[in-house]
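A.B. asks: Have a look at this one before I ask anything.
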Amino acid sequence: MIDVQGRKQGVWPQWLQLGSLLLMLLAGFWTPISHADGFWDDSFYDMPADLKQAKADGKAGVFLFFQMADCPFCHRMETTVFTDPKVLAYMKKHFVTASIDIEGDVMMMDFQGKQVSQKDFAFKQFRVRATPVMAFIQPDGQVATVYTGPTRSSEEFLDLAAFVVSGAYKEPGMNFFKYRKAHGG
């Protein structure tokens with residue numbers, strides 16, 4: 001083969017160029033996408049310990065994210081909302097965080113101190129049937145609020161967390177949508 005400058009070129013440089021191009025393309029496809037690195041606390045799926053930690057740190061409670069591997073909405077939350085530095089900072093300040101696989105067989109300790117699988121915890125105790133579901137748990141172990149589905153943006157998620165942190169969920173007749181409307185969301 002002859003190159004553009006009229007020099008004879010061997011087969012090896014062609015394969016080298018083609019191989020290099022192929023490696024660059026494959027590297028682009030296999031570049032890992034950030035999945036909320038640093039967002040999740042190392043809870044070891046021990047809910048009583050997470051509540052105790054939240055109390056000791058003066059936090060608003062525990063945030064549970066019920067998800068499953070093939071859920072596109074869960075993936076979007078993990079790669080766009082939970083990676084937002086504002087969301088990460090706010091959640092680290094106010095909550096202990098844990099991700100629960102609704103199809104998971106990993107054993108965990110529920111809020112009553114009983115060993116259960118993640119899927120039984122999700123289905124039997126929180127009635128999770130679709131994902132994502134986000135539950136905010138008060139330091140006393142009571143549910144503050146549960147939100148089903150993804151938030152549309154990081155800002156909406158921050159409003160949801162602020163709804164719990166502010167205590168607005170305790171007001172009679174108040175829900176997240178009324179709270180968001182009242183606070184310019």
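A.B. asks: Any chance the stretch 92-99 includes a residue that's in contact with a Leu (Cβ under 9 Å, 6 or more places away or on another chain), assigned by TED's automatic domain parsing to the domain that holds A144, surrounded by 14 or more Cβ atoms within 10 Å (Cβ to Cβ) and of a type in the set (F, W, Y)?
C.D. replies: No: zero hits.
Conditions tested, residue by residue: (1) under 12 Å from V62 (Cβ atoms); (2) buried (at least 17 other Cβ atoms within 10 Å of the Cβ).
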| residue | (1), (2) |
| --- | --- |
| I137 | yes, yes |
| A144 | yes, yes |
| G149 | no, no |
| S153 | no, no |
| F157 | no, yes |
| Y169 | no, yes |
| M174 | no, no |
| K181 | no, no |
| G184 | no, no |
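A.B. asks: Among the residues of the stretch 102-116, which ones are crowded, with 17+ Cβ neighbours inside 10 Å and either more than 15 Å from S43 (Cβ to Cβ) or free of Cβ contacts under 8 Å to residues at least 60 places away in the same chain (or both)?
C.D. replies: Answer for the stretch 102-116, where residues must be crowded, with 17+ Cβ neighbours inside 10 Å and either more than 15 Å from S43 (Cβ to Cβ) or free of Cβ contacts under 8 Å to residues at least 60 places away in the same chain (or both): I102, G104, V116.
Let's see how each residue does on (1) in contact with a helix residue (DSSP H, G or I) (Cβ under 8 Å, 6 or more places away or on another chain); (2) under 26 Å from K52 (Cα atoms):
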position	(1), (2)
E78	no, yes
T97	yes, yes
V116	yes, yes
A122	no, yes
T131	yes, no
G173	no, no
Y179	yes, no
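A.B. asks: So, in the stretch 18-68, how many residues would count as being of a type in the set (D, E, K, R) and at pLDDT 95 or above? Can you show your working first?
C.D. replies: Within the stretch 18-68, the subset of a type in the set (D, E, K, R) is 37, 41-42, 46, 50, 52, 55, 57, 59.
Now narrow it down to the ones that are at pLDDT 95 or above: 46, 50, 52, 55, 57, 59.
Total meeting the criteria: 6.
A.B. asks: Restricting to the stretch 141-168, name every residue that is free of Cβ contacts under 8 Å to residues at least 60 places away in the same chain, in a loop (DSSP other than H, G, I, E, B) and farther than 21 Å from A89 by Cα.
C.D. replies: If the condition is that a residue be free of Cβ contacts under 8 Å to residues at least 60 places away in the same chain, in a loop (DSSP other than H, G, I, E, B) and farther than 21 Å from A89 by Cα, then Q142 is the only one that fits.
A.B. asks: Can you find even one residue in the stretch 118-132 that is under 13 Å from the mean Cα position of the chain (by Cα) and either buried (at least 19 other Cβ atoms within 10 Å of the Cβ) or modelled with pLDDT under 95 (or both)?
C.D. replies: Within the stretch 118-132 (the criterion being under 13 Å from the mean Cα position of the chain (by Cα) and either buried (at least 19 other Cβ atoms within 10 Å of the Cβ) or modelled with pLDDT under 95 (or both)), the answer is yes, since at least one residue qualifies.
A.B. asks: Given the conditions (1) of a type in the set (A, V, I, L, M, F, W, C); (2) under 25 Å from D70 (Cα atoms); (3) part of a helix (DSSP H, G or I), which single one is not true for A135?
C.D. replies: (3)
The values are calculated or read from the model by the stated rules, or taken from the named source; none is laboratory data. Just so you know, these numbers come straight off a predicted model, no measurement behind them. Glycine gets a Cβ as well: all are built from the backbone with ideal geometry, and neighbour counts include every protein chain shown.
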